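*Asks:* My questions all concern the structure below.
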Amino acid sequence: MAISSPRDKYFGVWLIFFMLGLGTLLPWNFFMTATMYFTSRLKDYSLVDSSTNQTEAAGEHRSVLEAKFNNVMTLCAMLPLLLCTCLNSFLHSLISQRLRVMGSLLVIMFVFIATAVLVKVPLEPLPFFSVTMVKIVIINSFGAVLQGSLFGMAGLLPASYTTPIMSGQGLAGTFAAFAMTCAIASGSELQDAAFGYFITACVVIFLSVLSYVLLPKLEFFHFYQERNRKQRSDEENSLNLMNRVDLNRRQSISMMKIFKKIRLLALSVCFTFTITIGTFPAITADTRSTLTDRGTWDQYFIPVSCFLLFNLCDWGGRSLTAVCMWPEKDSLLLPVSVVCRLVFVPLFMLCNVQPRLHLPVFFHHDGWFIFFMILFAFSNGYLASLCMCFGPKNVLPHEAETAGTIMAFFLSLGLALGAALSFLFRALV
């Protein structure tokens, strides 16, 4: 007779997974949203003619480091993310879940403390650029291990428990963009605002650490962990009769067998993020307002219309899967919808992206950019969340954790491919 699972009292496990999802993507979003601060420290004022207005001229004559910051930042984030997610897919059974999750959170928190301290330390543009990229590599390497472990953990629970992770990740971007907007609105100097901004990130990551400490104490989570442990133990006992070579061969076949069951969903989530990261922020963050009487709107256009709007709509799309999961997991409409998002690449290219060399500006009004951003972000959040929820449920219960890590790997593969394509997309504008 099957043992019924206990109730998730007060949605405690759901809320902890939401908090851990927030902690997973918060570091990357805080770095990505703070591009104004980072590029301000990369300005080369030797390019400015002393007879011209310094601020205006510095904006027109960008240094190489300043011009390439978004592309290089995205590449330094996504390649380690892909590599470490791949390693986590194969090594998650050899390293304890607690070490992977807790260790990753603590390393990320240390990097943010160092980032906050460095706000007050004067550095030349090249050393500052190099240190920033090293920090981005570190937080995304450990963020990959954290993300893969988290989706693996969620794979052991009912399908609805992938949604709080995706929703928490969506809120991470919204929270980062809102914090940056508030920092600008405070009227503080950019460096003072950045210091408070990074300290805020440290506090949120610390709360994620406390959430994970509490998780094993909850009966609902403990029940599914024990059930998975028992299934694995029974499986290992049955395999003990085979020799080691045959066991390794079977494990390899098992990984391929699981991938075959979820390949369409894995490729769909990969393509979704390839299009998203290929465009955002490499192209979207270089879009300029076309309003003639801009005033302070110029200062807020990218933080609000690009980062805050994207993350709000992305979060909305991810959260919608908690109440609606359409199309169904076996429907061809899901991969078709994913492929249709390719149209956003030329649409954003034809907005007022500056500087530009090849394409004309077709969509002049800021309203077009905002409209495209709403559809782009919402579709990213909704379709990606659907794929991640359906993946672990297309396999047997004892294969769910491996399926979750495979899905996380293809998500990261999409991010890395998008980062590489962002150079090409930006060069075509």
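*Asks:* Please indicate, with yes or no, whether at least one residue in segment 313-330 is in contact with a His (Cβ under 7 Å, 6 or more places away or on another chain) and either open to solvent by 40 Å² or more (accessible area, probe 1.4 Å) or of a type outside the set (Lys, Arg) (or both).
*Replies:* No, segment 313-330 contains no residue that is in contact with a His (Cβ under 7 Å, 6 or more places away or on another chain) and either open to solvent by 40 Å² or more (accessible area, probe 1.4 Å) or of a type outside the set (Lys, Arg) (or both).
*Asks:* Out of the residues in segment 267-298 meeting the condition of being surrounded by fewer than 23 Cβ atoms within 10 Å (Cβ to Cβ) and small (Gly, Ala, Ser), tell me which one is nearest to Gly391 (Cα to Cα).
*Replies:* Filtering segment 267-298 for residues that are surrounded by fewer than 23 Cβ atoms within 10 Å (Cβ to Cβ) and small (Gly, Ala, Ser), the one nearest to Gly391 (Cα to Cα) comes out as Ala285.
*Asks:* Scanning for something more than 26 Å from Phe18 (Cβ to Cβ) and out of contact with any His (no Cβ under 6 Å at 6 or more places or on another chain), does segment 104-111 turn up at least one residue?
*Replies:* no
*Asks:* Follow-up. Looking only at segment 106-145, count every residue that is touching a Ser or Thr at 6+ places or on another chain (Cβ under 6 Å) and over 15 Å from Asn29 (Cα atoms) and tell me the total.
*Replies:* Final tally of qualifying residues: 1.
*Asks:* Now a separate question. In segment 127-159, which residue that is under 16 Å from the mean Cα position of the chain (by Cα), under 19 Å from Val209 (Cβ atoms) and aliphatic (A, V, I, L, M) is surrounded by the fewest Cβ atoms within 10 Å (Cβ to Cβ)?
*Replies:* Ile138
*Asks:* Kindly indicate the residue of segment 109-126 that is part of a loop (DSSP other than H, G, I, E, B) and touching a residue at least 12 places away in the same chain (Cβ under 8 Å) and also surrounded by the most Cβ atoms within 10 Å (Cβ to Cβ) among those meeting that condition.
*Replies:* Val119
*Asks:* So, one more: Any residue at all in segment 362-383 that's in contact with a helix residue (DSSP H, G or I) (Cβ under 7 Å, 6 or more places away or on another chain), part of a helix (DSSP H, G or I) and of a type in the set (S, T, N, Q)?
*Replies:* yes
*Asks:* Looking only at residues in segment 160-198 that are part of a helix (DSSP H, G or I), over 24 Å from Gly316 (Cα atoms) and open to solvent by 70 Å² or more (accessible area, probe 1.4 Å), which one is modelled with the highest pLDDT?
*Replies:* Within segment 160-198, the match that is modelled with the highest pLDDT is Phe195.
*Asks:* Being surrounded by fewer than 17 Cβ atoms within 10 Å (Cβ to Cβ) and among the polar types (S, T, N, Q) is the filter here, so list the residues in segment 83-105 that pass it.
*Replies:* Ser93, Ser96
*Asks:* Counting just the residues of segment 408-429 that are open to solvent by less than 20 Å² (accessible area, probe 1.4 Å) and either polar (S, T, N, Q) or modelled with pLDDT of 90 or more (or both), which one comes out farthest from Asn88 (Cα to Cα)?
*Replies:* Top of the filtered list is Val429.
*Asks:* Please count how many residues of segment 374-386 are farther than 12 Å from Thr163 by Cβ and open to solvent by less than 10 Å² (accessible area, probe 1.4 Å).
*Replies:* The qualifying residues number 3.
*Asks:* Sort out which residues of segment 41-66 are open to solvent by 40 Å² or more (accessible area, probe 1.4 Å) and either under 24 Å from Ala183 (Cα atoms) or at pLDDT 70 or above (or both), and write them in order of number.
*Replies:* Within segment 41-66, Lys43, Asp44, Gln54, Thr55, Glu56, Gly59, Arg62, Val64, Leu65 meet the criteria.
The values are calculated or read from the model by the stated rules, or taken from the named source; none is laboratory data. Predicted, not measured: the structure shown is a model, and the values here were computed from it. So basically every Cβ, Gly included, is an ideal-geometry build from the backbone, and we count neighbours across all protein chains shown. Heads up: the accessible areas ignore ligands, DNA and RNA and are worked out on the full protein's heavy atoms, side chains in. Shrake-Rupley method; radii C 1.70, N 1.55, O 1.52, S 1.80 Å.
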